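The values are calculated or read from the model by the stated rules, or taken from the named source; none is laboratory data. Please read these numbers as outputs of a predicted model, since none were measured by experiment. With ideal geometry, Cβ positions are generated from the backbone for all residues, glycine too; neighbour counts draw on all protein chains shown.
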Amino acid sequence: MTTVAIALAGLALAVCLVDLLLTVAVIRRLREHTDLISKFSAPGAVAMLTQGQTTKPFEAVATTGETVSRDTLSGLTLVGAFTPQCSACTERLPRFVEYAGQFPGGREQVIAVVMGDEAAAQEYRTALEPVAKVVIEAGPGGVVEALAVASFPAFGVLDSSGVVVTSALDLDDLSVPAGV
């Protein structure tokens, strides 16, 4: 009888180990799919208003007290929209900070909008304030609505009248035409 019990216990252990290995394989595959989905968007997907469209009027107060509005735009302005709940936003934040740091006109020509509450947005605020005027919006509306942000992160370049020169889901896809 003990031999039967040991055999059954061994069989149960083998079944559990196979189940554990299958579960680990499924989790690994799901992570790969999540990474692929965050890297690639659907063809034709738009981040925000597209080239030639004009933003709605907007006005907001940056975290440093500066007023940010469509009427205060001058020259070309880089815009980035983020939300702390977005893994792609977290992944692309350092690249945006680098890009914004090299953008002509410096911090005065860069607006970063973070959609979320103050506590959740703190990490973004800390990273972005040296290179951008940071606007934190608790919910839909404001700058995010004026730019018609459809997904996060979203990037664009506006001219002085609020017309979109270029927009994209990835900074590497922003293309400012020569002579603009």
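Numbers at a glance
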| read-out | value |
| --- | --- |
| Residue list for the stretch 63-87, filter: of a type in the set (Gly, Ala, Ser), in contact (Cβ under 8 Å) with a residue 60 or more places away in the chain and more than 13 Å from Tyr124 (Cβ to Cβ) | Ser74, Gly75 |
| In the stretch 137-160, residue nearest to Asp172 (Cα to Cα) [restricted to those that are surrounded by 17 or more Cβ atoms within 10 Å (Cβ to Cβ) and more than 14 Å from the chain's Cα centre (by Cα)] | Val157 |
| Residue list for the stretch 144-163, restricted to those being among the aliphatic types (A, V, I, L, M), outside any loop (DSSP other than H, G, I, E, B) and within 22 Å of Glu98 (Cβ to Cβ) | Ala154, Val157, Leu158 |
| Contacts under 6 angstrom Cβ, first residue in the stretch 95-117 being assigned by TED's automatic domain parsing to the domain that holds Leu73 and over 19 Å from Ser74 (Cβ atoms), partner of a type in the set (Gly, Ala, Ser) and part of a strand (DSSP E or B), 6 or more apart | Phe96/Gly80 |
| Test result for Val114, assigned to a loop (DSSP other than H, G, I, E, B), surrounded by 14 or more Cβ atoms within 10 Å (Cβ to Cβ) and of a type in the set (Val, Ile, Thr) | no |
